[in-house]
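One structure is given here, and the rest of the page talks about it.
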Amino acid sequence: MLTFNDNKAGMTGLDKQKITKIIEENTSGSYSSFSKKQQQRIDEKVSEIKNRLESATREERQGAELFMRNLENKLEAGRDLSRDCVCIDMDAYFAAVEMRDNPALRTVPMAVGSSAMLSTSNYLARRFGVRAGMPGFISKKLCPNLTLVPGNYSKYSKVSRQFSEIFMEYDGDVGMMSLDEAYIDLTDYVTMRTEKRVLKRHQYGGDCPCWLPRVTDPPDSENIEIDSSECPKCRKTRIIYYDDVEFGVGREEIVREIRFRVEQLTGLTCSAGIAANFMLAKICSDFNKPNGQFVLENDREKILEFLAELPIRKVGGIGRVSEAHLQSMEIRTVGDMLLKKALFPLCFSPLAQESFLRTALGLPGRPSSSDPRRKSISVERTFSPTSDFKILVAEHAEICQMLEEDIRKSGVTGGKTITLKLKLSSFDVLTRSLTPSEVVTSLEDIQKYSMELLERERGKEIRLLGVRLSQLVFEEEKKSKTITDFWNEKKQTASEDVMSSDDNDIIMMDTRPCPICGEDVENQLEILNCHVDECILKMGDTSDGPDLICVTVEKKAKKPEIQKTSGGQVQSKKRKTQEQKTVAKRKMATIDSFWKKI
């Protein structure tokens, strides 16, 4: 059985063995079997890593050490310490919204979710080991007095939009990674901010518990104003204290201001991490929770010192599997990763090697040359295992509705691929994808194609259902031309030319432009293909030619002389076949490049 993970704010110092034992005693046989299989796969990989390290030769170790040293120098050369990056994380967000709206929940351990699965828990519940992703019935074993509240995701989305508008005032490109987590680049704003700022503050007191933020005593302020009235909710006395709060310049003061504004607007608190990049900022955001902020200086030595004793599990992207792999190499802290970086090439793929080294150096992930915008939008829901297709269809309809709403709010017009995610009662996960000929843009499309995938899994006992839309098409993007669109456009142009001609005796030939040289060619497939072949061969004889992307065409090889091997076999036919394949590949590459440019 996998051990309990206490890597969550508010769960430090818990008795992991006791909690793990309670979880094991109340876990179903199917999940126990699944966990054992998962642990077996981890153990096999750990054994493989250890064997690889034991069998590595001296030359291999020296080569790996040299490679990682060179990679470290290369990565260090690109280190950027000029940015002011912030990660803001709302404190126990779903639970905090429910506690704000229901004061009775503020003093008891509570969680948002159901007996099947929890979305989050408040800090009182976390002291019992109750956390997000845990089945509700198990959380009740850990904390018998736990109060479960059903999730209200439309309300959480509404509140999220409120504070995200505040974030956008400081960074127009703020990245909302989820409803409760934002990444803000304050670099430009910090440069522009040259004067202090004074903001009005309101806090609540009196017998009324309904409103946040609350104080028990009046603020110690000279210019305080007090207003007393009857609360329209509970009819008790509500006191409001008004005063001013001053915020200075610099990134720490600006982040304090952002957090202040969020609490004033929503009554909710958030925590923040401030660092030279978002990877470090994310780690820092977890240090002074709840309602605090942590600053890591933009200094290389300070960064490495900060990471030296940091447990590897505190790093985003390192889960229980990667943790087990690294621990098999006696790596338990980020500092250990840097000291033992020479072992990575012996055990991991090139991508993993660089990823781990970047983490050890406190550098962000590898920059992507692809579109930086989100790659997919998904919604999933966990429920009691069932094979009743009527229940699954009802869950599926709600999930599709939620996904369509998220799509409309995200500036996305649709997506090219629809994916169905299923978790079976055995806890095995299945994914099924479909890419229709047209972009999926409407609720009807989402339901139609995902239902087609779900129909194929009829009869399976399912405990989680999710739908994802990927290869997104954004509102600001122009409609990309297909090959058919391109040809039709050219044919339409030719047709207009004919209609506008004053000489009715001239018959215009139906032509298409060659994708290589641009010359009009008769609109017949055989003639066009022959013309393209000739253009490719001509390109091999001259350095001039169309500006294509990453395409090189060599001269056509002369007819090879017939050669015989020692066994007397003729080789010319094989060589000729290979040359034909090469020419065909170059032809397709050239045409593909042309369409990409279109």
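Within the range 418-463, being open to solvent by 60 Å² or more (accessible area, probe 1.4 Å) and of a type in the set (A, V, I, L, M, F, W, C) holds for one residue alone: Val429. As a summary of the residue check, Leu339 satisfies the conditions (1) surrounded by 16 or more Cβ atoms within 10 Å (Cβ to Cβ); (2) modelled with pLDDT of 95 or more except for the one numbered (1). A count restricted to the range 141-154 and to residues that are part of a helix (DSSP H, G or I) and open to solvent by 80 Å² or more (accessible area, probe 1.4 Å) stands at 3. The single condition from (1) open to solvent by 40 Å² or more (accessible area, probe 1.4 Å); (2) within 20 Å of Met117 (Cα to Cα); (3) without any contact (Cβ under 8 Å) to a residue 60 or more places away in the chain that Ser384 fails is (3).
What are the pairs, 6+ residues apart or on separate chains, where a residue within the range 223-238 that is farther than 19 Å from Leu199 by Cβ and touching a residue at least 12 places away in the same chain (Cβ under 8 Å) has its Cβ under 8 Å from a residue that is hydroxyl-bearing (Ser, Thr, Tyr) and surrounded by 12 or more Cβ atoms within 10 Å (Cβ to Cβ)? Hits for this filter: Ser228/Thr237; Cys231/Thr237; Arg238/Tyr204.
Looking at the range 156-204, which of its residues are part of a loop (DSSP other than H, G, I, E, B) and either surrounded by 14 or more Cβ atoms within 10 Å (Cβ to Cβ) or touching a residue at least 12 places away in the same chain (Cβ under 8 Å) (or both)?
Within the range 156-204, the first condition is being part of a loop (DSSP other than H, G, I, E, B), and the residues that meet it are 171-174, 179-180, 186, 193-196.
Across the range 156-204, the qualifying residues are Asp171, Asp173, Val174, Leu179, Asp180, Leu186, Arg193, Thr194, Glu195, Lys196.
Exactly one residue out of Ser229, Ser271 is hydroxyl-bearing (Ser, Thr, Tyr) and surrounded by 16 or more Cβ atoms within 10 Å (Cβ to Cβ), and it is Ser271.
Take the range 401-417 and flag every residue that is among the charged types (D, E, K, R), open to solvent by 40 Å² or more (accessible area, probe 1.4 Å) and either outside the structural domain of Leu465 (by the TED database) or part of a helix (DSSP H, G or I) (or both).
Filtering the range 401-417 down to residues among the charged types (D, E, K, R) leaves 404-406, 408-409, 416.
Now drop any that are not open to solvent by 40 Å² or more (accessible area, probe 1.4 Å), which leaves 405-406, 408-409, 416.
Of everything in the range 401-417, those that are among the charged types (D, E, K, R), open to solvent by 40 Å² or more (accessible area, probe 1.4 Å) and either outside the structural domain of Leu465 (by the TED database) or part of a helix (DSSP H, G or I) (or both) turn out to be Glu405, Asp406, Arg408, Lys409.
Just one of the listed residues (Thr237, Thr194) is in contact with a strand residue (DSSP E or B) (Cβ under 6 Å, 6 or more places away or on another chain) and hydroxyl-bearing (Ser, Thr, Tyr), namely Thr237. Here is the figure for the range 285-301: residues that are loosely packed, with under 14 Cβ neighbours inside 10 Å and assigned to a helix (DSSP H, G or I) total 1.
Of all residues in the range 112-140, those being under 12 Å from Thr382 (Cβ atoms), open to solvent by less than 20 Å² (accessible area, probe 1.4 Å) and in a loop (DSSP other than H, G, I, E, B) number 2.
Among the residues here, Gly466 does not qualify as more than 13 Å from Gln401 (Cα to Cα), buried (at least 17 other Cβ atoms within 10 Å of the Cβ) and of a type in the set (Gly, Ala, Ser). Evaluation of Arg373 against the conditions (1) closer than 19 Å to Ile446 by Cβ; (2) open to solvent by 40 Å² or more (accessible area, probe 1.4 Å); (3) modelled with pLDDT under 90 shows that the sole unmet condition is (1). Out of (1) out of contact with any Pro (no Cβ under 9 Å at 6 or more places or on another chain); (2) within 20 Å of Gly10 (Cα to Cα); (3) open to solvent by 20 Å² or more (accessible area, probe 1.4 Å); (4) modelled with pLDDT under 95, the odd one out for Val108 is which? Every condition holds for Val108 apart from (4).
What's the total number of residues in the range 55-99 that are closer than 30 Å to Glu181 by Cα, open to solvent by 30 Å² or more (accessible area, probe 1.4 Å) and not polar (S, T, N, Q)?
Taking the range 55-99 first, the residues closer than 30 Å to Glu181 by Cα are 75-76, 78-99.
Narrowing further to those that are open to solvent by 30 Å² or more (accessible area, probe 1.4 Å): 76, 78-83, 94, 99.
Subset that is not polar (S, T, N, Q): 76, 78-81, 83, 94, 99.
Going through the range 55-99 one residue at a time, the tally reaches 8.
Checked against (1) open to solvent by 40 Å² or more (accessible area, probe 1.4 Å); (2) at negative phi; (3) touching a residue at least 24 places away in the same chain (Cβ under 8 Å); (4) of a type in the set (Gly, Ala, Ser), Ser328 passes all but condition (1).
The values are calculated or read from the model by the stated rules, or taken from the named source; none is laboratory data. Every value quoted in this text rests on a predicted model; they were computed, and no experiment measured them. Using ideal geometry, Cβ is built from the backbone for each residue, glycine included, and neighbour counts are taken over all protein chains shown. These area figures cover heavy atoms from the full protein model, side chains too; ligands, DNA and RNA do not enter into them. Shrake-Rupley method; radii C 1.70, N 1.55, O 1.52, S 1.80 Å.
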